[in-house]
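Accompanying notes for the structure given below.
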Amino acid sequence: MAAAVLNGERVVVVLFIGLVLFSLPLSLLLHGVALSLLALSALFIEIRAEDDASSSSSSLSLFKTRPGVSSGIFLGAVTLPVVMLSKLIQLSRALSLRQVPLEELEYLTMQYWATSASSLSVLVFLCMVIWGSPDRTRPPYTRGLVDAKLSLSGIVLFAVVCCVSIAATSHTGFHAVLKLLWVLLHGLAAVKLIQHVLSTFPSCASIGEALLVTAGIVLYFGDMLACTIAKQVTGYVDSLELVSAQYGVKRSKISIIIQGVLLGLLLFPMVFKFVLRIWECSSISANSESRTYKIGKSLIFFASLGFILIVVIPSWMQFAQDFSVHPLLWVISFVFSEPLKRLSLCMYWVCVIYVSVLWFYNISKNNKIERILLRKYYHLMAVSMFLPALIFQPKFLDLAFGAALAVFLVVEIIRVWRIWPLGQLVHQFMNAFTDHRDSDLLIVSHFSLLLGCALPIWMSSGFNDRPLAPFAGILSLGIGDTMASMVGHKYGALRCSKTGKKTIEGTAAGITSMLAACSILLPLLASTGYIFTQHWLSLLLAVTVCGLLEAYTAQLDNAFIPLVFYSLLCL
């Protein structure tokens, strides 16, 4: 029984949470208690959900999750809150040395509670689905009833701790109510969004993966909304502490550009769908097979996309940030402010991408190599592209990541909607690089690789006293995951678990390669002016936990492993 409850993935997640809680200062004690309660609730709900999934009348079958994987509820619910708590630990060190203003800590605290509320609300929703199902074959008193009581107790206690913490940091009861309402709105939005994601993209993600994406998008949208409100009320409503202090922190123009473009493109499919329906209703013939319809649909698509990218999104950017020129012109001037370095880097990237993609595509068509190894070559390509840029041009790399992700989103929208004349060609090309985690409906592997490398870099902007933290994605995916797969595939014989395919040899190779890469990277960073402040023991623990999670998790490792590694490096 205990072995079934404490499988490899759950043990690694518990170890991950334990390392973060062990590093907590006393000022963040309530935050650590809340995280513990959230983790316990998620663990019991995952146990109950997977027990329910093994029955013939599973209440979670209506979600149509990715087949062949576990629910991932425990890992998905705690990952982003732990990331935010790790950042809070890092900022609390800076605050004690007076290196950051108090507003930054308050801002990140609100993000922590908003992220935790998103995970908690989804857990409450899952509770209602699981224990509200009409399963008459289940006896009235089982271990599931105990799991339900423990989960609900943890959820209630978490809500109490959240209220106490927010009330303690608010000057008046009015401010506390506003903050609690803001946190609650994140939770409600997360529940609605995860339902939409799982219903719109069936069999594309597990519950844990969908929860991670949902919490991240809700946090990003909430931050954009609060930034807009803060800009609107600055100088007019000084008493509105929620937006004037916590969300009125200074932001870089690059972060505003990335945020506006990405969120605008995520909303674009809804705008395009609305405009397309109006056109179809007003059109005499809306036969989707006709050439006229395809051309008309394509024209509407590109016209709407151009209007969003050139007019709507830049209008918000200029409102949220004081751009003296159009944001697109600002980007061009930023690139040409150091033309030799940045244009040379762009040419290097184009050459690497062209040669690699052409070579890999020909290999894939001829079936000369297994798909899993072919995909790992892309991880090595990411290392060769991003590592030099991160060391010598970090700000330009931030902007380049945003541009690359925007291109990926546009290409995927073209593929999904089959926009003439590129849709079918893109679909055939992308199918050459898919695996069991992708589907015809949605291809996510390239997104997860790019985001896995970009998120640690974006989150390290501002104060960062851990030089290796921005490299978390590149090291874990480009080095560790690649070496683990290649060595495990060729030499692996001892399985880490009975049900998984990962091997002990591959896991050892991944951990060793990451440590070796860190030992090479640290002197290089020291030569550029970084001061290394991290103990080798903590680095060894971080690398080991990251390697074990890669070995035992059945979730999309490109999404979770960089965030876990980044969190541990921040401690």
- Per the filter on segment 345-370, residues surrounded by 14 or more Cβ atoms within 10 Å (Cβ to Cβ) and at pLDDT below 85 are SER356, VAL357, PHE360, TYR361, ILE363, SER364
- Within segment 420-442, identify whether any single residue is touching a Leu at 6+ places or on another chain (Cβ under 9 Å) and β-branched (Val, Ile, Thr), and answer yes or no. no
- Query: Hey, among the residues in segment 164-176 that are part of a helix (DSSP H, G or I) and open to solvent by 60 Å² or more (accessible area, probe 1.4 Å), which one's modelled with the lowest pLDDT?
  - Reply: PHE174
- Message: From the list SER485, SER519, exactly one residue is touching a Lys or Arg at 6+ places or on another chain (Cβ under 8 Å), polar (S, T, N, Q) and modelled with pLDDT under 90. Which is it?
- Response: SER485
- Item | Any hit, segment 214-235, residues being crowded, with 20+ Cβ neighbours inside 10 Å, at pLDDT 90 or above and farther than 21 Å from SER461 by Cα | yes
- In segment 377-407, what residues are surrounded by 17 or more Cβ atoms within 10 Å (Cβ to Cβ) and aromatic (Phe, Trp, Tyr)? TYR378, PHE386, PHE396, PHE401
- Note on the structure: Within segment 294-335, residues being free of Cβ contacts under 8 Å to residues at least 24 places away in the same chain and within 21 Å of MET224 (Cβ to Cβ) number 8
- Looking at segment 194-204, is at least one residue among the hydrophobic types (A, V, I, L, M, F, W, C), closer than 21 Å to PHE44 by Cα and at pLDDT 85 or above? yes
- Message: Regarding segment 288-304, can at least one residue be identified that is more than 20 Å from GLU412 (Cα to Cα) and open to solvent by less than 50 Å² (accessible area, probe 1.4 Å)?
- Response: yes
- Item | Extreme residue, surrounded by the fewest Cβ atoms within 10 Å (Cβ to Cβ), among residues of segment 177-206 that are farther than 14 Å from SER121 by Cβ and among the aliphatic types (A, V, I, L, M) | VAL177
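The values are calculated or read from the model by the stated rules, or taken from the named source; none is laboratory data. Keep in mind that this is a model prediction, so the values were computed, not measured. So basically every Cβ, Gly included, is an ideal-geometry build from the backbone, and we count neighbours across all protein chains shown. Surface accessibility is based on the protein's heavy atoms, side chains included, excluding ligands, DNA and RNA. Shrake-Rupley method; radii C 1.70, N 1.55, O 1.52, S 1.80 Å.
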